[in-house]
Amino acid sequence: MQFDRSGAKALMDITARPELVFVRGQGSWLEDHNGKRYLDMIQGWAVNALGHSPKVIVDAMHEQAQKLMNPSPAFYNEPSMELAKRLTGASCFDRVFFANSGGEANEGAIKLARKWGKVNRNGSYKIITFDHGFHGRTIATMSASGKEGWDTMFAPQVEGFPKAILNDIDSVKALIDDKTVAVMLEPVQGEGGVIAATKEFMQQLRALTHENNMLLIVDEVQTGMGRTGEMFAYQHSGIEPDVMTLAKGIGGGIPLAALCATEAASCFAHGEQGGTYGGNPVMAAAGLAVFDTLAAPGFMESVQARSKQLSDGLNALSDKWGMNGERGLGLLRALKMDRPDGAAIVLAARNREPQGMLLNAPRPELLRFMPALNVTEDELALALSELDAIITEVRGR
């Protein structure tokens, strides 16, 4: 099949895309318009929690779409109520607002914190975030992010997001003033290079925010829904945040996100938060299918087993090639290379014949792995073997 350049030109040019079109996917595999298959270790940037086109999601959406698609968020619908009950029952939160993307959920968290500051802290509005953090692509969430260069890209930024250093509690303390209402962080900085907040740091943050009557917000857009081997990453630290955002994996590939909050933090008045499509029955039905699969007996133990396999395999490759080890939590991991050839490895992996592999290099010297949570032992073994061969090819050994 010929590549449709006119179709490509009709799309807004927002990223460098290769001249291939994916036409179908199943589990850990994608197929392009020429029939070539790719082992997918990205999964839409940790979106496809159960791989490509899982039957459980397809069936749930098909069944719900035949009954009711969107009655308007001004009315209750059964799937959204059921999913909200699942999320609150599995976490420390009491209330859920459904949205369509991680950026939208994080925008909602920022609004909620500012409203809470208005009600409870004399108009406090500043939210301490972190260098190298990533919270989305709206104007406010870009301002909250600590990604290099984003402070000038669409200037002026939204004011009120001082940046601390991850795992440095003193850097957080130094930023607190009478206008500070919250601290917001990713338990694992994904775009920042798969850097995890330590258990000690998370506990220090919780104590510090309690002490100063501030909210603790965890952005679990990438880490939530089983990605780290627990349903939610904050659970590794034995703390209870006030607010959590979810997206990516919660929908297993479809647009679904959630803003979760404790009763004490849930202070929106009617009309202050909303969204035309948020919590519609079809998306919520998909979310239910994902949640119930993740919560099934033995599923999370399988995630933990595959996490260990991936971690051990990456460490073995690191030792062989004189690299700098690996890091991460669960099935969100990174290989720390000894030279900045990440882009070359990603390209060689995609171009490999007869089958390609999809990898991601968020930093020149780093490869990030976000496979499906139900990736098989054999698929991970193949990915590690192929990666070794690709490194050999790129480095000319």
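Where a number appears in this text, it was derived from the coordinates with a stated rule and is not lab data. It should be emphasised that the depicted structure is a prediction, and the values quoted were computed from it without experimental measurement. Cβ: placed from backbone, ideal geometry, glycine included. Neighbour counts: every protein chain shown.
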For Gln189, enumerate residues with amide H under 5 Å from its amide H, sequence gap 5+ or separate chain, H modeled in the peptide plane.
-> Ile195, Ala196, Ala197
Per 10 angstrom bin, beginning at 0 and ending with the bin that holds the maximum distance, the Cα pairs of region 1-158 fall in percents of 8, 21, 31, 28, 11, 2, 0
Low-density loop cleavage sites - GluC sites (Glu not before Pro) in region 95-173, where at most 10 other Cβ are within 10 Å (DSSP) = Glu148, Glu159
Counting only residues 5 or more apart in sequence or on a different chain, those whose built amide H sits under 5 Å from that of Lys336 are Asn324, Gly325, Glu326, Arg327
Within straight-line cross-link reach of Lys118, lysines at Cα separation under 20 Å, skipping those fewer than 8 residues along the same chain | Lys126, Lys179
Cα Rg, Dmax (largest Cα-Cα span) when computed across region 74-294, Å | 16.2, 46
Mean 1/r over distinct Cα pairs of region 202-336, inverted to a Kirkwood Rh in Å, yields 17.0 Å
Based on other C-beta atoms within 10 Å, arrange His135, His236, His270, His210 from fewest to most.
-> His270, His210, His236, His135
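Please give me the summed charge of the neighbours of Val23: other residues whose Cβ is under 10 Å from its Cβ, Lys and Arg +1, Asp and Glu -1. Working shown, then result.
On the way: positive: Arg24; negative: Glu31, Asp32.
Local net charge: -1.
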Tally Lys/Arg at +1 and Asp/Glu at -1 over every other residue whose Cβ is under 13 Å from the Cβ of Gln203; what's the total?
-> -1
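Of all the Cα-Cα pairs you can form in the chain, what percent are over 39 Å apart?
Values: 13478 of 78606 pairs.
Within the chain, distances greater than 39 Å cover 17 percent of Cα pairs.
Relative contact order for region 74-294: what percent, with Cα pairs under 8 Å and sequence separation of 6 or more? Show your work: numbers first, answer last.
Values: 451 pairs, mean separation 61.1, N = 221.
Once normalised by length, the contact order is 28 percent.
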In which sequence would Glu186, Glu191 go, from the one with the fewest C-beta neighbours within 10 Å to the one with the most?
-> Glu191, Glu186
May I ask you to evaluate 6.51 cos²θ - 1.76 cosθ + 1.60, the Karplus curve with θ = phi - 60°, for each residue of region 46-53 and list the ³J(HN,Hα) values in order in whole Hz, giving x for glycine and proline?
-> 6, 7, 7, 4, 10, x, 7, 6
Inverting the mean 1/r over all pairs of different Cα atoms, compute the Kirkwood radius of region 197-259 and quote it in Å.
-> 12.2 Å
Any chance you could check the Cα centroid distance between region 167-210 and region 274-352 for me, in angstrom?
-> 23 Å
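In whole Å, what three semi-axes, largest first, describe the equivalent ellipsoid of region 309-397 built from its Cα gyration tensor (square root of 5 times each eigenvalue)? Don't jump to the answer; show the numbers that get you there.
Working: eigenvalues 61, 50, 30 Å².
Equivalent-ellipsoid dimensions as semi-axes: 18, 16, 12 Å.
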What ranking of Leu11, Leu216 emerges when the number of other C-beta atoms within 10 Å of each C-beta is taken as an exposure proxy, fewest first?
-> Leu11, Leu216
Which lysines have a Cα less than 21 Å from the Cα of Lys199, not counting those fewer than 8 places away in the same chain?
-> Lys163, Lys173, Lys308
Neighbour net charge for Val194 - beta-carbon separation under 14 angstrom, K R +1, D E -1 = +2
Unit charges on C-beta of K, R, D, E only; dipole of the chain, Debye | 440 debye
In degrees, nearest 10, range 0 to 90: what is the angle between the Cα axis of helix 377-395 and the longest Cα principal axis of the chain?
-> 70 degrees
Would you mind calculating the relative contact order of the chain from Cα pairs under 8 angstrom and at least 6 residues apart, reporting the percent as a whole number?
-> 22 percent
Proximal lysines to Lys67, defined as alpha-carbon separation beneath 27 angstrom and excluding residues fewer than eight positions away on the same chain = Lys55, Lys85, Lys248
